[in-house]
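Here is the structure we will look at, set down as structure tokens.
The values are calculated or read from the model by the stated rules, or taken from the named source; none is laboratory data. Treat the numbers as computed from the prediction; the structure is a model and nothing was measured. Reconstructed Cβ throughout: ideal geometry from the backbone, glycine too, with neighbour counts over all protein chains shown. Keep in mind that these areas ignore ligands, DNA and RNA; they rest on the heavy atoms of the full protein, side chains included. Shrake-Rupley method; radii C 1.70, N 1.55, O 1.52, S 1.80 Å.
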Amino acid sequence: MTDPTDQSREPEERPMKYLTVVECPVVFPAENEHGFSSKDMLPRAGVTAGLESRHVRVLDNRITAVCIWNSEFLAKRFFDKDWHKKADDVWGDAYQTRFEPIDDASAA
């Protein structure tokens, strides 16, 4: 039996959360061959595996979506090569993405 107050053991390492930021123009389905809006290109809470939260801001015809993921693997699985190909088709060079690990305190 282990003593829960025993501080001599090393703390268990928790996996890092992962942050993604997508900045893109507002685009409507009729404006591209895929029929996607900008919102369609973003991960959806409750649908996309590993997505913990998504915060979206629209300002001056641009969308900024900040997403927190359970892991880097799941974030990069969503934003894969196919996603970037579609993003290039939908937004051209008018979008940018950022990926970085974050700790639990930053994710809160």
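In the range 82-94, what residues are in contact (Cβ under 8 Å) with a residue 60 or more places away in the chain, part of a helix (DSSP H, G or I) and open to solvent by 30 Å² or more (accessible area, probe 1.4 Å)? Quick ask: steps written out before the conclusion?
Narrowing the range 82-94 to residues in contact (Cβ under 8 Å) with a residue 60 or more places away in the chain: 87, 90-91, 94.
Now restrict to residues that are part of a helix (DSSP H, G or I): 87, 90-91.
Across the range 82-94, there are no qualifying residues.
Go through the range 42-81 and give me each residue that's part of a loop (DSSP other than H, G, I, E, B), open to solvent by less than 50 Å² (accessible area, probe 1.4 Å) and of a type outside the set (A, V, I, L, M, F, W, C).
43, 48, 50, 71
Can you pull out every residue in the range 42-81 that is among the hydrophobic types (A, V, I, L, M, F, W, C) and either touching a residue at least 60 places away in the same chain (Cβ under 8 Å) or more than 15 Å from residue 19 (Cα to Cα) (or both)?
Once the filter is applied, which keeps residues that are among the hydrophobic types (A, V, I, L, M, F, W, C) and either touching a residue at least 60 places away in the same chain (Cβ under 8 Å) or more than 15 Å from residue 19 (Cα to Cα) (or both), the range 42-81 yields 47, 58, 59, 63.
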